[in-house]
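Comments concern the structure below.
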Amino acid sequence: MTEVLHNGKFIGTVHDPKEVITQFKEERRKGKISSEINISYNEKSDDLLIESTKGRVTRPLIVVKDSKPLLTQKHIEQLEKGEITYSDLILQGVIEYVDAGEEENALVSFKEEEITDKHTHLELLPLAMVGLATSLVPFGNFNASTRLNAGSKNQKQALGFYAANYLVRMDMDVNLLHSPQIPIVTSVTHTISDYEKHPAGQNIIVAVMSFDGYNMEDAIVINQGSIQRGLARSTYYRPEIAAELRYQGGLIDEISIPDKEVRGYRSEQDYRYLEEDGIIFPEAQVTEGDVIIGKSSPPRFLSSLDEYNLTQSQRRESSTAMKHGERGTIDFVMITENEEGNKLVQVRLRDQRIPEIGDKFTSRHGQKGVVGLIVPQNDMPFSANGITPDLLFNPHGIPSRMTISHLVELVGGKVGALSGRYIDGTTFTSENEVDLRKELQSRGFRDDGTETMYNGRTGEMFSAKIFVGNMYYLKLKHMVANKLHSRARGPIQLLTRQPTEGRAKEGGLRLGEMEKDTFVAHGASLLLKDRFDSDKTVVPVCEECGLIAIHDEFKNRSYCSVCGDNTVITNIELSYAFKLMLDELKTLGIYPKLTLEDRY
Amino acid sequence: MESTLKNYKDKLPIKLLDEIRENTPKGVSSSRVKKIADAVLEEFSSSQVEPGESVGIVSAESLGEPGTQMTLNTFHFAGVAEMNVTMGLPRIIEILDGRKKIATPMMEIYLKSPYNKGKDIKKIAESIKESELKEFIIEVDINIAEINIDVKLNTAKLKEAGIKDQEIIKVVEKLSKNCTAKINDSSLLIKLKGKDQNINELYKIKEKIKSIYISGIKGVSQVLPVRREDEFIIITAGTNLKDILELEFVDDKKTVSNDIYEIESVLGIEAARQAMINEIFKVIETQGLNIDIRHIMLVSDVICNLGKIKGITRYGIVSEKPSVLARASFETPIRHLINASMIGEVDELNSVIENVMLNQPIPVGTGIMKLYSK
C-alpha cells in the first residue's frame, strides 16, 4: 500500500503507484489536470507525492513517447507560421513543466540522437543546462565550469546600452558605452534576448603576445590609435538631487544662491555656475568643490531663547557640491515636485571616460584584466597585411585557466570578420571548429589563426608566429577614475582628531595593529611615533593634581580647574586619542592622574 | 689549557667551555687554546641577540604568520585501534592557552629491555589499560525472591587478563558494608548481610557493579603497542604519568605525556617547559612549516617563568603584566581600569603598548637609548 501525499499531507493510499502516475500524467498532458501540478513516486519511502504549492522550481522538457519526441517538424513549421503558440504545445502535452520531484523519476536526454527506449524526456536545448548570462559565453562547452561562471559574472559588469530612454532617466551610477557592437561570434541566446538592442561590447583585434612585460599578471596592452578612434569610450552619468524640505514651525529650505550671511558660506568662486534660481546651467564644466544646487536651510535648533536674540538667527548653507576628485559636465537639469509637494531639483552629471591605465576589460571567458600600458599605434606590432591589433593579451593567462573557448572565439571572430557573417558559437551546438579553420584557410590565412608579425618599433619580423584574430571585448564598470585615491593632508574626525576613513571622505589608509607590530619588530621606534603623530596634541597638565589643565588663548595663561591659578602647569605632547581616553575614564569615575617627570 | 680557559669563565657558557675542552686535541699550546677560545667567543657574541631587539614581537609574528596557513586537520594513526590526536592549530592554541583539560590526552610509554624488543608487548599493554568489571560480565540478574544478584562472568576473558576470583570478591564486597560475594564456576552471587534485606540496596549495588575498577592504570582508556624505529612502545589514550612511571617495566627517562599540566605536577616546571617546546615543535613539523625553535623556546619560557603554567590568555600571562594600560589593551579593558583605580595603581609606561597609546617613542630598537645630560 502506497501512501499518497498532497503537498506533504496524507490524503489516502493506492495499490499501484506507477499506474496512478502514468494515468495522472496522461490526463495532465490531455489538459484535464493543470500543467502546474506535479506527481512523483519515491521508491525508498514508498510514497506518491503530488505537489501543487507555489514556490517550486519547474522547468520545461519535451515529452518523449516510444523513443520519439512528441515535438515534430510539423509543430515547428506551425510555430514559424504563427498558427500555434508555445502555450499550445503545453496544452497538447508536447512540452511539460517538471519539478524537482518529478525530475527524479524522469530520464532526460540532452540530444535527440541519444534517445533510447528508457528516456522519458528530451531537453529543449542542451544549452538549457546553463543560465542566461552563462549561455552568452561562446563555445562554453570547451571550458571548465569555473571559467564559465567567471565569464558570466564578468558580463554582468560590462558597460553597454542599458536602456534606450536613458536621456530622460535619473539612474544612479550609470555608464553607457559609446558605439557598442553586436558580437561577431554569437549564440542563440543573443538572438533570443534581443542582444542587438542592448549590446555591451566591441569587436576588436586581439593578438596573443607579451609586450615589454606590460601585460604581465593578466594586464592588457591597448593600442592608443584605437582609443583615439573611440575604442571603449564610455560616459558616466550620476544624478545629484536636492529637495526643499519642510521643518517644524513652517520653516523651509530654500534653493537659491546662498546669502553671504549664511553660516558655512563657501566662496563666491564656488557659486559661479549658479543661475538666479540657484541651480547650475546645463553644459557647465564643473570640478571638485563647485556648487551644483545652491541651498540654505533654517537654523538647526530653534529654541525659544533664540526668538529674543538680537541678531536674526543664521540660516545654514546646505548646497550640493561636487565631491572630492570629481569632475564632469552638467548634462540635464530637471525641476519637479516630490511626493510631499516640495520643490525637487535633479541635476545629472556627465563625464566622458576614455580608457586609461587601470581600467578593467574582459573577454567573455572570464579572462579579465587591467590596462597596463597604452602604446602609440606606430609602436604596436603589425601583421604582414598591415593590421595592428587593438589589444595585446598575455598568453600566460591561458594554460592555467584552460579557457579554450577564448582561443576558439578568436579564430571564429577572424573567420566571421573575413567572411562577413556571424558565427554561431552556441555552447554545445556551435559551428565546428575544424570547419572554421578550413574556412579561414580558404580566405588565405593560416588555419591555426597565427600570422607573421613585425615589431612596431624596429620593423623586425618576430621569429614566432602570433595568434591574432577578432574577439568581442567588454569594458567593465570598474574604472580607475572612480577608485583613484591618495592623501597627504586632509580632513580629520571630530571625536578622535584622527584622519577620516574612506575615499569619499578623502580619508587616510590606516596603519593597523599588525602593521604597527612590524614597526616594533624592526625596532623602528621613532618611525612608529612619526606614523602615529596624526592626532598629536599639546596638552597643559597641572602637576599638582595630574589632570588636564586649561589654557586661555586670549589672556595667554593656563590654569587648573581643580587647583586654580597657583599651580605648576606644564605642556606635554601626546596623542589626542589618549587624551580622549583620559576624559572617558573620568566619566567612569576613574581619576587618571598624570605624574610628570623630567625627560632628561 | 685549564688556566687559559679560566679567563673565559664569565664570558662563555659552561656548555661551550666543555665543548672546547672536548674537541681540542691534547698537548695544544696555551696560545693556541687562547686563539680557539677567542674565535669561539667572537662567534658566540655575534650570535647573541642585540640589545633592544623586539624578540617578543618577532616570535609572535614568526609563530602567528605560519599559523594562518595551518589546517584544522586531525592526524590519524593507521592500524586496528585507531586513535585520534589533536594536531594543527587547535593543538597549538591548547598548549599556548595553558588549558588544564586537553582534548586528547595521551602518553608514549617507552619500555625497559627486554620488553622494548617486543617481549610480552601485548600483555603489558593490556595490563596498563584500565578495565572495569563490565568488560567481564555477560549478564546481570536480580533475583527478587531470594534477594540476591547473579552475575554471569566471562571466565575465559578473566583468565586471559589474569584476574583471580578472590580479587573480584574483594572489590565487590567493598561496594557495600553489608554484602557478601561468592563465586561458583562462572557466576558471581552477591547477597545482602543481616536481617533488613532491602531491595533498593540491591539495585544500588547492581548499578555500581558495572563500573568497578578491576585492573590497569586509571585514566588509560586505550592502548596501542607500536614499533618506533627499532623498539616497541605503547601509545595510550588518556594519561596517568605518575602511576605509569612507577611501573617497573617502564623506562621512566623516556616516557612522556602530552598533558603539560600533568608533566608539571609530576616532573616539575622545567620538564613542562621542555615538553611544551617538544609538543609545539612536533605540530609545526608535521604541518611542514619551519619555525626557528628559539621562538618556541621564548614563548615556553614566558609561559613557565613564574614556576607554574600561565597560558597566554587574559587570566594567564596577560594578567601578570605590570602595566595597567597594557592589560587594558588586551580584552576586558574596563575591568582592568576599574580594578586598577580602586587600588591606585601606577603605570610606569615602561613597555611598548602603553607608549604606542600615548604616542611616545617605544622603548625597543632605536628607542631604547636615552640621552642624559648633566
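The values are calculated or read from the model by the stated rules, or taken from the named source; none is laboratory data. Fair warning: this is a prediction, and the values are worked out from it, not measured in the lab. No Cβ is skipped: glycine too gets one built from the backbone with ideal geometry, and neighbour counts run over all protein chains shown. When the accessible area is computed, the model is the full protein with side chains, heavy atoms only, and any ligands, DNA or RNA have been set aside. Shrake-Rupley method; radii C 1.70, N 1.55, O 1.52, S 1.80 Å.
Report, to the nearest 10°, how far helix A:513-522 tilts away from the longest principal axis of the Cα atoms in chain A, using its own Cα long axis and a range of 0 to 90°. That helix lies at roughly 70 degrees to the long axis. Rounded to the nearest 10 square angstrom, B:Val28 shows an accessible area of 50 square angstrom against a 1.4 Å probe. Among the residues of B:327-340, the average count of other protein chain beta-carbon atoms within 10 Å of the residue beta-carbon is 1.
Overall, the accessible surface of chain B at a probe of 1.4 angstrom is composed of carbon and sulfur to the extent of 53 percent. Can you tell me the orientation of helix A:17-30 relative to chain A, as the angle in degrees between its alpha-carbon axis and the longest Cα principal axis, to the nearest 10? Between the helix axis and the principal axis of chain A, the angle is about 90 degrees.
Using every Cα-Cα pair within region B:131-215, state what percent have a distance larger than 14 Å. When all Cα pairs of region B:131-215 are counted, 59 percent exceed 14 Å.
Could you tell me the total accessible area buried at the A-B interface, probe 1.4 Å, in square angstrom to the nearest hundred? It would help to have the intermediate numbers written out before the result.
Working: alone 34110 and 23590 Å², together 55650 Å².
In total, this chain pair buries about 2000 Å².
Amide H contacts of A:Phe393 (H built 1.01 Å from N, in plane; Pro and chain starts excluded): A:Ala207, A:Val208, A:Met209 sit under 5 Å, all sequence-distant by 5 or more or on other chains.
Evaluated at q = 0.06, 0.09, 0.15 Å⁻¹, the base-10 log of the normalised Debye intensity for chain B, with identical point scatterers placed on the Cα atoms, takes the values -0.43, -0.80, -1.29.
Computed over the Cα atoms of region A:347-425, what is the ratio Rg over Rh, Rh following Kirkwood? Don't jump to the answer; show the numbers that get you there.
Values: Rg = 15.8 Å, Rh = 15.3 Å.
Radius of gyration over Kirkwood radius for region A:347-425 works out to 1.03.
Overall, the accessible surface of region A:541-590 at a probe of 1.4 angstrom is composed of carbon and sulfur to the extent of 49 percent. By the combined test of axial Cα extent (at least 20 Å) and Kyte-Doolittle hydropathy (mean at least -0.5), the qualifying DSSP H helices of chain B come to B:30-46, B:269-286. Figure legend: label point modelled 7 angstrom from the Cα of A:Glu288 along Cα→Cβ; no residues of region A:232-247 have amide N under 11 Å from it.
Sorting A:Phe211, A:Phe142, A:Phe532 on solvent-accessible area from highest to lowest, probe radius 1.4 Å, gives A:Phe142, A:Phe532, A:Phe211. Per-residue Karplus couplings for region A:260-265, computed as 6.51 cos²θ - 1.76 cosθ + 1.60 with θ equal to phi - 60°, are listed in order as 6, 7, 4, 5, x, 4 Hz, Gly and Pro entered as x. Panel note: the C-alpha atoms of the protein assembly as shown, placed on their principal axes, show extents of 104, 103, 85 Å (largest first). Residues whose amide H lies under 5 Å from that of A:Lys477, counting only those 5 or more places away or on a different chain, are A:Leu159; hydrogens are built 1.01 Å from N in the peptide plane. Among the residues of region A:534-579, those with an accessible-area drop of 50 Å² or more from chain alone to full protein complex, heavy atoms and 1.4 Å probe, are A:Phe578. Contact-buried residues of region A:483-525, at a threshold of 20 Å² lost accessible area versus the chain by itself: A:Lys516, A:Asp517, A:Val520, A:Ala521, A:Gly523, A:Ser525 (1.4 Å probe; DNA, RNA and ligands ignored).
Converting phi to 3J(HN,Hα) with the Karplus coefficients 6.51, -1.76 and 1.60 and the offset θ = phi - 60°, region A:498-508 yields 8, x, 5, 10, x, 5, 4, 9, 6, x, x Hz in sequence order, with x at every glycine or proline. Expressed as a fraction of 2.2 N^0.38 Å, the value expected for a compact globular protein of N residues, the C-alpha radius of gyration of region A:2-124 is 1.11. One way to sum up the overall shape of region A:83-194 is the equivalent ellipsoid from its Cα gyration tensor, whose semi-axes run 35, 19, 14 Å, largest first.
For chain A, the solvent-accessible area of protein heavy atoms averages 55 Å² per residue (probe radius 1.4 Å; ligands and nucleic acids excluded). With the convex hull of the Cα atoms taken as the outline of region A:523-587, the averaged projected area works out to 5.6 nm². To the nearest 10 degrees, how steep is helix A:433-442 against the longest Cα principal axis of chain A, on a 0 to 90 scale? Tilt relative to chain A: about 90 degrees. Working note: Debye formula, equal point scatterers on the alpha-carbon atoms of region A:235-353, no solvent; log10 I(q)/I(0) at q = 0.18, 0.23 Å⁻¹ is -0.92, -1.29. Using a probe of 1.4 angstrom and keeping all protein chains present, the accessible surface of chain B works out to 60 square angstrom per residue.
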